[in-house]
């Protein structure tokens, strides 16, 4: 792995984190899909809209499964350290809240339009409110999956800094291990593929 450039190492780690995130999200997506089917059966939600929520939930998780490692560039520029602030639960909470603001604002604006006589915006307001927890936990769970992967490595992480400097390092492998990263990736494709295939077919979109 010594011949890999910085970009090469990042791409390799990104593959592993994406795979692990798909594994972590698979049972959550499955449970949420069942909940959505039950709610749709009761006439509480539209199945197509719920499926969109699930896709965005998974998408946010995948996005935040590798974003924390961009701090490597900050470290190279001398303005931070790798596995510093971006590898803490606090950073995850901050971004989870930030992404939750958008659907909340959408709900407020839709409610205002509804109050002004635009009745179709009532459903938009409700949809935005329902999506808010999907946005929050999609981002947060994506980051947690990243922290889980890094906790398995030799270098480890300090997820509660600066309030608690406890280091979690299970030292199972190096983060640049080719076989581990691709192993996680293919395992993620397997788990994610099975779950998402079942969701789309079960929802009648397969």
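Before moving on, here are some points about what is shown:
- For the chain, built as a Gaussian network whose Cα springs stay under 10 Å, the top-fluctuating residue of 155, 175, 100: 155
- Rounded FRET efficiency, nearest 0.05, which uses the C-beta distance separating residue 187 from residue 101 and R0 of 25 Å: 0.15
- Between the helical axis of 178-202 and the longest alpha-carbon principal axis of the chain there is an angle of about 10 degrees.
- Using the Cβ-Cβ distance between residue 108 and residue 179 with R0 set to 45 Å, the FRET efficiency from 1/(1 + (r/R0)^6) comes to roughly 0.35.
- Principal-axis tilt of helix 89-115 within the chain, Cα atoms, nearest 10 degrees: 20 degrees
- Label assignment, Rg and Dmax of the Cα atoms in Å derived from the structure, set [x] 21.0, 74; [y] 19.4, 64; [z] 17.2, 52: [y]
- Compared with the dominant Cα axis of the chain, that is its longest principal axis, helix 121-151 is turned about 20°.
- Fluctuation leader among 35, 130, 24 - the chain, Gaussian network, Cα springs under 10 angstrom: 35
- Max mean-square fluctuation residue, GNM over the chain, Cα-Cα springs under 10 Å, options 170, 91, 196: 170
Bear in mind that the values in this text are calculations on the coordinates, not laboratory data. The model shown is predicted, which means the values in this text are computed figures rather than measured ones. Glycine also receives a Cβ, built like all others from the backbone with ideal geometry; neighbour counts cover every protein chain displayed.
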